[in-house]
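Peer 1: Handing you a structure now.
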Amino acid sequence: MANHKSALKRIRSNESKRVLNKYQHKSTRNAIKKLRELTDKAEAEKSFPAVASMLDKLAKKNVIHANKAANLKSGLSKHIAAL
(Lines give C-alpha, C1' and ligand atoms only; values in the text may rest on other atoms or scores of the structure.)
Protein backbone atom coordinates (compact mmCIF):
# COMPACT_ATOMS: atom_id res chain seq x y z
CA MET A 1 0.00 0.00 0.00
CA ALA A 2 1.09 3.57 -0.62
CA ASN A 3 3.00 5.36 2.13
CA HIS A 4 2.63 9.01 1.09
CA LYS A 5 -0.38 11.30 1.03
CA SER A 6 0.38 12.23 -2.56
CA ALA A 7 0.47 8.56 -3.58
CA LEU A 8 -2.89 7.95 -1.91
CA LYS A 9 -4.34 10.95 -3.72
CA ARG A 10 -2.91 9.68 -7.01
CA ILE A 11 -4.65 6.32 -6.44
CA ARG A 12 -7.97 8.08 -5.84
CA SER A 13 -7.64 10.37 -8.85
CA ASN A 14 -6.54 7.51 -11.11
CA GLU A 15 -9.62 5.52 -10.15
CA SER A 16 -12.01 8.40 -10.84
CA LYS A 17 -10.32 9.09 -14.20
CA ARG A 18 -10.46 5.39 -15.09
CA VAL A 19 -14.21 5.26 -14.45
CA LEU A 20 -14.83 8.40 -16.51
CA ASN A 21 -12.67 7.15 -19.41
CA LYS A 22 -14.47 3.80 -19.35
CA TYR A 23 -17.88 5.53 -19.47
CA GLN A 24 -16.90 7.83 -22.34
CA HIS A 25 -15.28 4.99 -24.30
CA LYS A 26 -18.35 2.77 -23.94
CA SER A 27 -20.68 5.64 -24.88
CA THR A 28 -18.63 6.28 -28.02
CA ARG A 29 -18.68 2.60 -28.99
CA ASN A 30 -22.47 2.53 -28.58
CA ALA A 31 -22.82 5.67 -30.71
CA ILE A 32 -20.69 4.07 -33.43
CA LYS A 33 -22.86 0.94 -33.38
CA LYS A 34 -26.04 3.02 -33.67
CA LEU A 35 -24.55 4.99 -36.57
CA ARG A 36 -23.60 1.77 -38.39
CA GLU A 37 -27.15 0.43 -37.96
CA LEU A 38 -28.74 3.49 -39.58
CA THR A 39 -30.10 3.02 -43.08
CA ASP A 40 -31.22 6.61 -43.72
CA LYS A 41 -28.37 8.62 -45.24
CA ALA A 42 -29.64 12.00 -44.04
CA GLU A 43 -29.97 10.79 -40.47
CA ALA A 44 -26.51 9.20 -40.60
CA GLU A 45 -24.95 12.42 -41.92
CA LYS A 46 -26.67 14.33 -39.14
CA SER A 47 -25.26 12.11 -36.37
CA PHE A 48 -21.76 11.70 -37.84
CA PRO A 49 -20.29 15.01 -36.52
CA ALA A 50 -21.25 14.12 -32.95
CA VAL A 51 -19.64 10.68 -33.20
CA ALA A 52 -16.52 12.12 -34.83
CA SER A 53 -16.28 14.66 -32.01
CA MET A 54 -16.54 11.89 -29.42
CA LEU A 55 -13.73 9.98 -31.14
CA ASP A 56 -11.54 13.09 -31.31
CA LYS A 57 -12.03 13.72 -27.59
CA LEU A 58 -11.04 10.14 -26.75
CA ALA A 59 -7.94 10.45 -28.92
CA LYS A 60 -7.03 13.79 -27.35
CA LYS A 61 -7.20 12.24 -23.86
CA ASN A 62 -5.20 9.18 -25.04
CA VAL A 63 -8.06 6.82 -24.24
CA ILE A 64 -7.69 5.51 -27.79
CA HIS A 65 -4.84 6.05 -30.22
CA ALA A 66 -5.17 8.95 -32.66
CA ASN A 67 -4.75 6.62 -35.65
CA LYS A 68 -7.55 4.36 -34.39
CA ALA A 69 -9.84 7.38 -34.13
CA ALA A 70 -8.91 8.37 -37.68
CA ASN A 71 -9.53 4.84 -38.95
CA LEU A 72 -12.93 4.67 -37.27
CA LYS A 73 -13.97 8.06 -38.66
CA SER A 74 -12.80 7.04 -42.12
CA GLY A 75 -14.76 3.80 -41.98
CA LEU A 76 -17.88 5.57 -40.78
CA SER A 77 -17.65 8.16 -43.54
CA LYS A 78 -17.29 5.36 -46.11
CA HIS A 79 -20.33 3.67 -44.62
CA ILE A 80 -22.35 6.88 -44.90
CA ALA A 81 -21.20 7.47 -48.48
CA ALA A 82 -22.31 3.95 -49.43
CA LEU A 83 -25.85 4.49 -48.15
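Peer 1: Quick one: how many residues across segment 57-78 are assigned to a helix (DSSP H, G or I) and surrounded by 15 or more Cβ atoms within 10 Å (Cβ to Cβ)?
Peer 2: Number satisfying all stated conditions: 6.
Peer 1: Being open to solvent by 40 Å² or more (accessible area, probe 1.4 Å) and not in a helix (DSSP H, G or I) narrows it down to one residue among Asn3, Asn14; which is it?
Peer 2: Among Asn3, Asn14, only Asn3 is open to solvent by 40 Å² or more (accessible area, probe 1.4 Å) and not in a helix (DSSP H, G or I).
Peer 1: Right, here's the next one. Quick one: is His25 touching a residue at least 40 places away in the same chain (Cβ under 8 Å) and surrounded by 13 or more Cβ atoms within 10 Å (Cβ to Cβ)?
Peer 2: No; evaluated as a whole, the condition is false for this residue.
Peer 1: Residues that are within 16 Å of Gly75 (Cα to Cα), in a helix (DSSP H, G or I) and of a type in the set (D, E, K, R): does segment 24-31 have at least one?
Peer 2: Yes, because at least one residue in segment 24-31 is within 16 Å of Gly75 (Cα to Cα), in a helix (DSSP H, G or I) and of a type in the set (D, E, K, R).
Peer 1: Do you know which residues across segment 28-43 are among the hydroxyl-bearing types (Ser, Thr, Tyr) and surrounded by 13 or more Cβ atoms within 10 Å (Cβ to Cβ)?
Peer 2: Of everything in segment 28-43, just one residue is among the hydroxyl-bearing types (Ser, Thr, Tyr) and surrounded by 13 or more Cβ atoms within 10 Å (Cβ to Cβ), namely Thr28.
Peer 1: Just the residues that are in contact (Cβ under 8 Å) with a residue 24 or more places away in the chain and assigned to a helix (DSSP H, G or I), please, taken from segment 35-56.
Peer 2: Leu35, Arg36, Lys41, Ala44, Glu45, Phe48, Val51, Ala52, Met54, Leu55
The values are calculated or read from the model by the stated rules, or taken from the named source; none is laboratory data. The structure presented is a predicted model; accordingly, all values stated were derived computationally and were not measured. Heads up, the Cβs are rebuilt from the backbone with ideal geometry, glycines too, and the neighbour counts pull from every protein chain shown. The protein model used for the area step is the full one, side chains on, heavy atoms only, and it has no ligands, DNA or RNA in it. Shrake-Rupley method; radii C 1.70, N 1.55, O 1.52, S 1.80 Å.
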